[in-house]
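Trainee: Sharing a structure here in structure tokens format.
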Ligand code: ADP
């Protein structure tokens, strides 16, 4: 770190913003296999709480790879850099007062642990737990088919590991549940922890 770069404290800070808007900010860190339902559930939760007047923002895996993280591959090293950048952006958005949703596979304990360390108590891990067979049969983006044929390398669940989280604050088994039932589990957690307006 350049020793000439000094952190500046601004008077309009997070607690001011939280008071002004009437709710806390946090990061809902969705993790799970491709096709497990991260984006779908995050979208449903966001819709419900945003319409109820809470400030929200979603950082979506595919979308971020179009811009900020364009050029990063799916090698282990680049996946870690992908998540590091996302964590830093999530931290800024949390400071800006948002309830932030991140929807990234984030398959490794180490990268989730780093995000957790950076975000501290603001980090809420949401494990979207859907069996590989179910994700593969949903295959919403046709990616499993490509991974099985070898067209896509390093595909989580097929040719790259997914280390299931063991202590997620919210653990959702989606198989046999509707999207709205899954969303309700997240919203209940936010209500019970007095995060929402
Ligand atoms: P991810 O973001 O984890 O890659 P997506 O949300 O893009 O996954 O895709 C999940 C797919 O599974 C969607 O087509 C969604 O409609 C379907 N689905 C079926 N049941 C559920 C459920 N209970 N929760 C979430 N998604 C579900």
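A short reminder: the numbers here are calculations on the coordinates, not readings from a lab. Since we're looking at a predicted model, the values are computed, not measured. Ideal geometry is used to build each Cβ from the backbone, glycine not excepted, and the neighbour counts take in all protein chains shown.
Trainee: For the chain, what is the mean residue ellipticity at 222 nm derived from helices alone (per DSSP H run of n ≥ 4: -39500 (n - 2.57); sum divided by total residues; nearest 500 deg cm²/dmol)? Intermediate results must be reported in sequence, preceding the final value.
Mentor: Working: 8 runs with 86 residues, N = 197.
After summing the helix terms and dividing by residue count, I get -13000 deg cm²/dmol.
Trainee: Quick one: angle between helix 38-51 and the longest Cα principal axis of the chain, in degrees between 0 and 90, rounded to 10, please.
Mentor: For 38-51 against the chain, the angle is about 30 degrees.
Trainee: Ranked from highest to lowest mean number of other Cβ atoms within 10 Å per residue, what is the order of the peptides 16-23, 42-49, 66-73? Write out the running numbers ahead of the final one.
Mentor: Details: 16-23: 13.4, 42-49: 19.8, 66-73: 11.8.
For the peptides 16-23, 42-49, 66-73, the packing ranking is 42-49, 16-23, 66-73.
Trainee: Next question, about the same structure. Relative to the longest principal axis of the chain, what angle (0 to 90°, nearest 10) does the C-alpha long axis of helix 179-192 take?
Mentor: 30
Trainee: Taking 1 over the mean of 1/r across every pair of different Cα atoms in region 1-40, what Kirkwood radius in Å do you get? Working shown, then result.
Mentor: Details: mean 1/r = 0.0707 Å⁻¹.
Averaging 1/r across every pair of different Cα atoms and inverting gives 14.1 Å.
Trainee: Moving on to the next point. Kindly state, to the nearest 0.05, the FRET efficiency for residue 151 paired with residue 62, given R0 = 25 Å and r defined as their beta-carbon distance.
Mentor: Details: r = 17 Å, r/R0 = 0.69.
Plugging the Cβ-Cβ distance into 1/(1 + (r/R0)^6) gives 0.90.
Trainee: Taking one equal scatterer on every alpha-carbon of region 47-126, how large is log10 of I(q)/I(0) by Debye at q = 0.11, 0.15, 0.17 1/Å?
Mentor: -0.29, -0.53, -0.67
Trainee: Using just the alpha carbons, could you tell me how many Å³ per residue the convex hull of region 122-169 encloses? All intermediate terms of the calculation are to be shown ahead of the outcome.
Mentor: Details: hull volume 4.6 nm³, N = 48.
Per-residue hull volume (Cα only) is 95 Å³.
Trainee: Let me ask something additional. Taking square-rooted eigenvalues a ≥ b ≥ c of the alpha carbon gyration tensor, is region 157-197 rounded, prolate or oblate, where a/c under 1.5 means rounded and, failing that, a/b exceeding b/c means prolate?
Mentor: Oblate is the answer for region 157-197, as a/c is 1.5 or above yet b/c matches or exceeds a/b.
Trainee: Mind checking the full-extension length gain between residue 166 and residue 138? Use 0.36 nm per residue of separation minus the Cα-Cα distance, one decimal, nm.
Mentor: On the way: separation 28, 0.36 × 28 = 10.08 nm, distance 2.47 nm.
Full-extension gain reported as 7.6 nm.
Trainee: Could you state the orientation-averaged shadow area of the convex hull built on the Cα atoms of region 108-197, in nm² to one decimal?
Mentor: Working: hull surface 28.8 nm².
If I average the Cα hull's projected area over directions, I get 7.2 nm².
Trainee: Okay, next question. With springs connecting C-alpha atoms under 10 Å apart, model the chain as a Gaussian network and identify which of 36, 178, 87 has the largest mean-square fluctuation.
Mentor: 178
Trainee: Taking only the C-alpha atoms, wrap a convex hull around the chain and report its volume per residue in Å³ as a whole number. List each step's numbers first, then the result.
Mentor: On the way: hull volume 25.2 nm³, N = 197.
Considering the Cα atoms of the chain, their hull volume per residue is 128 Å³.
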